[in-house]
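One structure is given below, encoded as structure tokens.
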Amino acid sequence: MNSIRLGAGAGYSGDRIQPALDLVERGSLDYIVFECLAERTIALAQQTKATHPELGYDPMLAARMRKVLRACHRHGTKLISNMGAANPRTAAKRTVEIAGELGIGGMKVAAIEGDDVLAVFQAGEFGHAQFLETGAPVSSVRDRLISANVYIGAEPIVQSLSEGADVVLGGRIADPALFLGPLMYEFGWAADDWDLLGAGIVIGHLLECGGQLSGGYFADPPFKTVPDLANLGFPYASVDPDASAEFSKLDGTGGEITLETCKEQLLYEIHDPARYLTPDVTASFSEVELLASGINKVRAVGAKGYAKPEFLKVSVGYADGYVGEGQITYAGSGAIGRAELAIAIVKEQLANSGCNVRELRAEMIGLNSVVPDRKIRDYEPPELRVRVAGRVDSIEEANQIAATVEALYTNGPAGGGGASRSVRPIIAIESVLIPREFVHTQVEMLVS
């Protein structure tokens, strides 16, 4: 088997679509992978599905499929994604419908299910489980659970491809597993060939964030400049059967792929680089070598792997109250003093109102909202924006916080303008480990 080529079509749910189409049209890809799911994203998707059972998949799925399906069919490029989110089967059904609308007959679309393990926790089957972040038992929020989705690995992708799938859609498939799956299928890598699987995870990790690898998250002028970011091209990898890989991007697109951009992405969002835990393998990044092999070309070799973890990670979402928020802008001479007075007024009024605020944050955007320990009088900005947000248990209390800030129009210092208010529910996200015996994946094939 010769090398195969994998393209990164998206790094998050709202990512641009055009770079993915460019890759399919000009990149000679075997696979295009759309990584579109985050911890909070799937909790929101489950919340949507609860009230609209026909939804719960990625909101941009239809737009993406209409843009790229015909090109994928024409070039023989298979599509893999976690855009199924909370509803992979309906996502697959919608994709089949779109294929029909585009005149593509016989397209096989696989739906991977089994990552939704909410029923396990609702039924108390694994009642002693504790959240990794706080140590609190999951049972303490059982009546407020919204979602529980386990990170699954590459195996159901391999099964889908072996059954002839042209499109594979799942839910909470681990990000790098989206890329590992086609590598295992194409090269026949065994499920316990740990070094090859570890190398496949490195490849997936480098590609999974799309334009980050080609400089999108690297740019920091004047220290790190990246050319033509407005025309940023997404990366692809040419992978050999021994798991060595070369990363590049299309000629004529913006951004760059260098040792520096690849090193930053390699270290992005990992814990122990020698023991990166995934559903398929414990990968080691510590011996990876990145080698410049040309303009916008970097090779990666030397990854290792060890046996996969005994437990799988579950991302749990649960209702945790509401946030009430208000903002107002002050500008001109004395803006800091007026903003400080505005915050003091709101705090006192909330304290006297009987509103049970569990957590309150008040800040001046443009002065101390990101770097809170900055000395207030370091400089006098020409304008800044007061933001007050509070966490409460009821929507009525959240509205009270927002209204108190808005009332600064007439109840506060001079010159306040552009007031806004918002109230939103809080979905808390925590993690828990679950034995593999509780997880059972299934593949269903639909045909256009």
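The values are calculated or read from the model by the stated rules, or taken from the named source; none is laboratory data. Given the structure is predicted, the values throughout are model-derived calculations rather than measurements. A quick note on method: Cβ atoms are made from the backbone with ideal geometry, for glycine too, and the neighbour counts reach across all protein chains shown.
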| query | Is it the case that Arg5 is among the basic types (Lys, Arg) and free of Cβ contacts under 8 Å to residues at least 24 places away in the same chain? | reply | no
| Does Asp242 satisfy the criteria of being surrounded by 20 or more Cβ atoms within 10 Å (Cβ to Cβ), assigned to a loop (DSSP other than H, G, I, E, B) and in the same structural domain as Thr278 (by TED's automatic domain parsing)? | no
| remark: Note on region 102-120: residues part of a helix (DSSP H, G or I), out of contact with any helix residue (DSSP H, G or I) (no Cβ under 6 Å at 6 or more places or on another chain) and touching a residue at least 60 places away in the same chain (Cβ under 8 Å) are Leu118
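Conditions (1) in a helix (DSSP H, G or I); (2) buried (at least 23 other Cβ atoms within 10 Å of the Cβ), marked per residue:
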position	(1), (2)
Asn149	no, yes
Phe179	yes, yes
Pro182	yes, yes
Tyr185	yes, no
Asp192	no, no
Asp195	yes, no
Val202	yes, yes
Leu206	yes, yes
| Of the criteria (1) part of a strand (DSSP E or B); (2) within 26 Å of Gly317 (Cα to Cα), which one Ala402 fails | (1)
| message | Among the residues of region 351-362, are any buried (at least 16 other Cβ atoms within 10 Å of the Cβ) and in a helix (DSSP H, G or I)? | response | no
| query | What number of residues in region 100-141 are under 18 Å from Glu444 (Cα atoms) and touching a Gly at 6+ places or on another chain (Cβ under 9 Å)? | reply | 9
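Pick from region 130-147 the residues that are in contact with a Ser or Thr (Cβ under 8 Å, 6 or more places away or on another chain), in a loop (DSSP other than H, G, I, E, B) and not charged (D, E, K, R): which of them is nearest to Trp194 (Cα to Cα)? Even if it seems obvious, please write down each step before you answer.
In the first step, residues of region 130-147 are kept if they are in contact with a Ser or Thr (Cβ under 8 Å, 6 or more places away or on another chain); the result is 131-133, 147.
The next check asks that each one be in a loop (DSSP other than H, G, I, E, B); those that pass are 131-133.
Subsequent filtering for residues that are not charged (D, E, K, R) retains 131-132.
Numbers: Phe131: 29, Leu132: 26 Å.
If we take residues in region 130-147 being in contact with a Ser or Thr (Cβ under 8 Å, 6 or more places away or on another chain), in a loop (DSSP other than H, G, I, E, B) and not charged (D, E, K, R), then Leu132 is nearest to Trp194 (Cα to Cα).
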| query | What about Ala99, is it outside any strand (DSSP E or B), without any contact (Cβ under 8 Å) to a residue 24 or more places away in the chain and over 19 Å from Glu430 (Cβ atoms)? | reply | no
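Can you confirm whether Arg94 is surrounded by 23 or more Cβ atoms within 10 Å (Cβ to Cβ), farther than 29 Å from Ser3 by Cβ and in the same structural domain as Arg66 (by TED's automatic domain parsing)? Spell out how you get there, then give the answer.
Details: surrounded by 23 or more Cβ atoms within 10 Å (Cβ to Cβ): no; farther than 29 Å from Ser3 by Cβ: yes; in the same structural domain as Arg66 (by TED's automatic domain parsing): yes.
So Arg94 does not fit the description; no.
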| note | Out of (1) farther than 30 Å from Ala331 by Cβ; (2) without any contact (Cβ under 8 Å) to a residue 24 or more places away in the chain, the one Thr410 does not meet is (1)
| query | Which pairs do you get when a residue that is of a type outside the set (A, V, I, L, M), found in region 359-378, comes within reach of a residue that is in a helix (DSSP H, G or I) and modelled with pLDDT of 85 or more, reach meaning Cβ atoms under 8 angstrom, with the pair 6+ apart or on two chains? | reply | Arg377/Ile336
| Going by the conditions given, is Ile426 surrounded by 17 or more Cβ atoms within 10 Å (Cβ to Cβ), outside any helix (DSSP H, G or I), under 27 Å from the mean Cα position of the chain (by Cα) and in contact (Cβ under 8 Å) with a residue 24 or more places away in the chain? | no
